[in-house]
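A short worksheet on the structure shown next.
The values are calculated or read from the model by the stated rules, or taken from the named source; none is laboratory data. None of these values were measured; they are calculated from a predicted model. Neighbour counts run over all protein chains shown; Cβ positions are idealised from the backbone, glycine included. Note: areas computed on protein heavy atoms with side chains; ligands, DNA, RNA excluded. Shrake-Rupley method; radii C 1.70, N 1.55, O 1.52, S 1.80 Å.
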Amino acid sequence: MSPQQFFMPEFQVEIIYSFILILSSLMIYAKTKEMYNLTADKGIKYFRESFLFFAIAFFSRFVIMFLFTLFGISKIFDFSSRIISLASSILFIYTSTIAIFYLFYSMTWKKWDENSKKVIYIHLITAIIVLLVILTRNGFVLFASQLILSLITLGIVFNRYLNSKNKKAMRGNLIIYTLLFIFWTFNTIQLFVPAFLGTFKILVYLISIGAFLAIFYEVIKRTG
Amino acid sequence: MERKRDRLEIIYDILKTINNNQNKIKSTPLLRKSNLSTKRFSGYVQELIEKEFIKEVGIKNEKHFYLTDKGFAYLEKYKNIVSFIEDFGL
């Protein structure tokens, strides 16, 4: 790879995109710290940790994109020669799945037995998904599992919205969550099929940034 | 039928009771005003002391509960916390 490739507009777009999403995710995590310290509420705990995992997922996604630019997609799953690629892939698959799982769990934890160790099952299921994706070298497994999980979580958000007394406040979050999951799915597909988004890539990136910044705004509105 | 208070609301009620009492209250009136069983009350008070929301000062029958800075912060931010939890469906 020539040094000029690092200065190509496409690569610079990836840097800016990743930087904004990592920063906004980390800010959401940081801004909810005091609220969690005051309440020790499990919903807040898993909500904020979900964004910490999103930040790690975006970082590893960026590393994979960087390596793809460097070596080409065929080498991403080449275990023997590309240890960093493998580590980044595992990190991305693991953290991105856990992020969605945690968001799901933050909304449903009250329905489960509070003293049970459901989180261990979340990590176990995620580890199985990672193994399946790596062993089959098939990104579709990741895409399908995250899509199913996202749809179930959206279903829960929609159900909460329908039963909410304050529909106006929840409507905004319903839209934000919908955008977040749709564009997260696009982000995942794009990693395995780089040509997937084609000319819509910038638009998808802008809406993804918009979804994360909107959540960040909703968070700082309440945390100051 | 009255709605069941959740954990955060019970904590808010205990802290608010102390605050409304010029930030100084004995255990018995606090128990009465908190509307909890003795066992649950002891659990909550223990948790609030451990997390430094309140402090217990005095000896034997002259012990009083006081709010700490963290306790005041909780009271101040409670409405925002509840709105955050409700709006994000947590």
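Using only the Cα atoms, what convex hull volume per residue in Å³ does the range B:1-44 have?
Considering the Cα atoms of the range B:1-44, their hull volume per residue is 76 Å³.
How are the Cα pair distances of the range A:118-224 distributed, in percent, across 10 Å bins from 0?
All Cα pairs considered, the percentages come to 13, 33, 35, 17, 2.
Over 26 Å between Cα atoms, which of A:LYS221/B:LYS55; B:LYS51/B:LYS79; A:LYS31/A:LYS168; A:LYS45/B:LYS33; A:LYS42/A:LYS165; B:LYS16/B:LYS55 qualify?
Flagged as over cut-off: A:LYS221/B:LYS55; A:LYS45/B:LYS33.
Which value in deg cm²/dmol, rounded to the nearest 500, describes the helix-derived mean residue ellipticity at 222 nm for chain B, given -39,500 (n - 2.57) per DSSP H run of n ≥ 4 and division by the residue count?
-19000 deg cm²/dmol
Checking a compactness column here: for the protein assembly as shown, what do you get for Rg(Cα) / (2.2 N^0.38 Å), N being the number of residues?
1.20
Using only the Cα atoms of the range B:7-87, what are the Rg and Dmax in Å?
Radius of gyration, then largest Cα-Cα span, for the range B:7-87: 12.5, 45 Å.
Ignoring ligands, DNA and RNA, what percent of the 1.4 Å accessible area of the protein assembly as shown is carbon and sulfur?
Of all accessible area on the protein assembly as shown, carbon and sulfur atoms account for 64 percent.
Any chance you could check the range A:149-176 for residues losing 50 Å² or more of accessible area when the partner protein chains are in, compared with the chain on its own (1.4 Å probe)?
Residues meeting the cut-off: there are none.
Can you list the residues of the range A:187-223 that have at least 30 square angstrom less accessible area with all protein chains present than in their chain by itself, probe 1.4 Å?
SASA drop of 30 Å² or more in the range A:187-223: A:ARG222.
Considering only protein heavy atoms, what per residue accessible area in square angstrom results for chain A with a 1.4 angstrom probe?
Accessible area per residue: 49 Å².
Tell me the net charge near A:SER106. Cut-off is 11 Å between Cβ atoms, A:SER106 excluded, with +1 for each Lys or Arg and -1 for each Asp or Glu.
+2
Using a 10 angstrom cutoff on alpha carbons, build the Gaussian network for chain A and name the most mobile of A:LEU203, A:LEU21, A:LEU191.
Taking springs between Cα atoms under 10 Å, the residue moving most is A:LEU203.
State the Cα centre-to-centre distance between the range A:145-224 and the range A:32-59 in whole Å.
Measuring centre to centre over Cα atoms gives 17 Å.
For the range A:15-52, state which residues have at least 50 Å² less accessible area in the presence of all protein chains than in their chain by itself, taking the probe as 1.4 Å and leaving out ligands, DNA and RNA.
Hits at the 50 Å² cut-off: A:MET35, A:LEU38, A:THR39.
Determine the per residue accessible area of chain B with all protein chains present and a 1.4 angstrom probe, expressed in square angstrom.
Heavy-atom SASA per residue in chain B reads 63 Å².
For the Cα atoms of chain A, what angle does the longest principal axis make with the long axis of helix A:201-223, in degrees from 0 to 90, nearest 10?
30 degrees
Would you mind calculating the relative contact order of chain A from Cα pairs under 8 angstrom and at least 6 residues apart, reporting the percent as a whole number?
22 percent
Using θ = phi - 60° and the Karplus relation 6.51 cos²θ - 1.76 cosθ + 1.60, list the HN-Hα couplings for the range A:62-69 in order, rounded to whole Hz, with x at every Gly or Pro.
Using θ = phi - 60°, the values come out as 5, 4, 5, 4, 4, 5, 4, 4 Hz.
For helix B:69-87, what angle does its Cα long axis make with the longest principal axis of chain B, in degrees from 0 to 90 and rounded to 10?
20 degrees
For the interface of A with B, what's the total buried accessible surface in square angstrom, probe 1.4 angstrom, rounded to the nearest hundred?
1800 Å²
Rounded to the nearest 20 debye, what is the charge dipole size of the range B:7-87 about its Cα centre when +1 sits on each Lys and Arg Cβ and -1 on each Asp and Glu Cβ?
In total the dipole reaches around 400 debye.
Suppose each label sits 7 Å from its Cα in the direction of the beta carbon; what would the A:LEU86-A:ALA127 distance come out to in nanometres?
1.8 nm
Helix A:118-136 versus the longest principal axis of chain A: what is the Cα-based angle in degrees, 0 to 90, to the nearest 10?
So the helix axis and the longest Cα principal axis differ by about 20 degrees.
Output wanted: per-residue J couplings in Hz (rounded whole) for the range A:142-147, from phi through Karplus 6.51 cos²θ - 1.76 cosθ + 1.60, θ = phi - 60°, x for Gly and Pro.
Values, residue by residue: 5, 4, 5, 5, 5, 5 Hz.
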